[in-house]
Amino acid sequence: MTTVLAIDGPGGAGKGTVSKRLAESLGWHLLDSGALYRLVGIAARKRGVDFANVAQLTDIARDLDVEFRVAEAGELVRTWLEGEQIDHLLRTETAGSDASVVAAIPEVRAALLQRQRDFAVPPGLVADGRDMGTVVFPDADLKVFLTASAEERAHRRYKQLKEQGLSANLRALREELQARDRRDSERAAAPLKPAPDAWVLDTTGIGIDEVVAMIRERIAGILSSGESK
Ligand code: DC
């Protein structure tokens, strides 16, 4: 039996860091579903595919030759696309906004559905995304919807990019985040919204350590009561 923890929410809410920390400390698998949408965009750009060409984008999503490997030295995940390591492209703002465009296409989402579900193998899975609790894992054992004010999310993204040595402009980041939130929330296919049974956790002003501890406490409760589905 696989316990599934779904973590959804808008960009910059800390899902990535929180999910990674939870997966590491629980010894569970991690699905970074946003990376899959980013990879479709990156592959499309590499091949010069028009972002309006639904059929070609869907083919790319279906045949995506991707591998996530853990680096030998530690927990660092390396991403290989068609045999090429592309981590330096994955977190750029271009990859993020391209991902949000391809993610609005229902055929692309459908093509990635089973691939995402295949990540749910014992002992457990932390699934990070926008529709983990609503579409991909509707029976997840715990659904968390992480959010934070737009101001704080833009600040966090800014810090993250700077730490990675990437250039960033706070105002542009905030505008881009808000545009992406709008696109993600207003699209017809699997829009960004909390599942009816999700725990909505506003992390504005709360540090990552505390957020991780709060979620761990809930998981511990679920595991000890044997409520896991
Ligand atoms: O979490 P992220 O920034 O890597 O996500 C990139 C884009 O992909 C984001 O704009 C929304 C989209 N996405 C999605 O639609 N569904 C998911 N499960 C994950 C990401």
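Grab the DSSP H runs of the chain that are 4 residues or longer, score each as -39,500 (n - 2.57), total them, divide by all residues and round the 222 nm result to the nearest 500 deg cm²/dmol.
Details: 9 runs with 112 residues, N = 229.
Only helices count here, giving -15500 deg cm²/dmol.
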Sites A168 and D139, calculated FRET efficiency, Cβ-Cβ separation with R0 45 Å, nearest 0.05: 0.70
Derived scalar couplings ³J(HN,Hα) [region 176-184; Karplus, 6.51 cos²θ - 1.76 cosθ + 1.60; whole Hz; x for Gly, Pro]: 5, 4, 5, 5, 5, 4, 4, 4, 5
Lys/Arg +1, Asp/Glu -1 at C-beta; the chain dipole; positive extreme among I219, L31, A188: A188
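Quick check for me: using +1 on Lys/Arg Cβ and -1 on Asp/Glu Cβ, what's the dipole size of region 63-168 about its Cα centre, in debye to the nearest 20?
On the way: 13 positive and 19 negative charges, 90 e Å.
Using Cβ point charges on Lys, Arg, Asp and Glu, region 63-168 gives about 440 debye.
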Percent RCO, i.e. relative contact order, over the chain, from Cα pairs under 8 Å lying at least 6 residues apart: 34 percent
For S149, distant residues with modelled amide H under 5 Å away: T204
Under-5 Å amide H pairs with A140, H placed in peptide plane, nonlocal only: none
Using θ = phi - 60° and Karplus 6.51 cos²θ - 1.76 cosθ + 1.60, couplings along region 193-198 (whole Hz; Gly, Pro as x): 7, x, 5, x, 9, 7
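What dipole magnitude, in Debye to the nearest 20, does the chain give about its Cα centre under +1 on Lys/Arg Cβ and -1 on Asp/Glu Cβ?
Details: 31 positive and 35 negative charges, 79 e Å.
Approximately 380 debye in magnitude.
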Top positive-direction residue, dipole computed over the chain with Cβ charges, set L125, S97, A110: S97
Karplus (6.51, -1.76, 1.60) ³J(HN,Hα), θ = phi - 60°, over region 153-165, in Hz, Gly and Pro reported as x: 5, 5, 4, 5, 4, 4, 4, 4, 5, 4, 4, 8, x
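Below 8 Å, C-alpha to C-alpha, sequence gap of six or more: please give me the relative contact order for region 104-219 in percent.
Numbers: 89 pairs, mean separation 41.2, N = 116.
Here the relative contact order equals 36 percent.
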Percent antiparallel among DSSP beta bridges (both partners in the chain, rounded to 5): 30 percent
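Fewest Cβ neighbours within 10 Å first, please rank T17, T134 accordingly. Kindly include the intermediate steps, with their values, before the conclusion.
On the way: T17 15, T134 22.
So the residues, fewest neighbours to most, are T17, T134.
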Placed amide H near V200: partners under 5 Å, 5+ positions off or other chain: F145
Selection of GluC sites (Glu not before Pro), region 1-76, meeting DSSP coil and at most 16 other Cβ within 10 Å: E72, E75
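No value in this document is a laboratory result; all are computed from the given coordinates. Note that the coordinates shown come from a computational prediction; the quantities given were computed from them, not determined experimentally. Because the Cβ atoms are built from the backbone with ideal geometry, glycine has one as well, and the counts that use them run over all protein chains shown.
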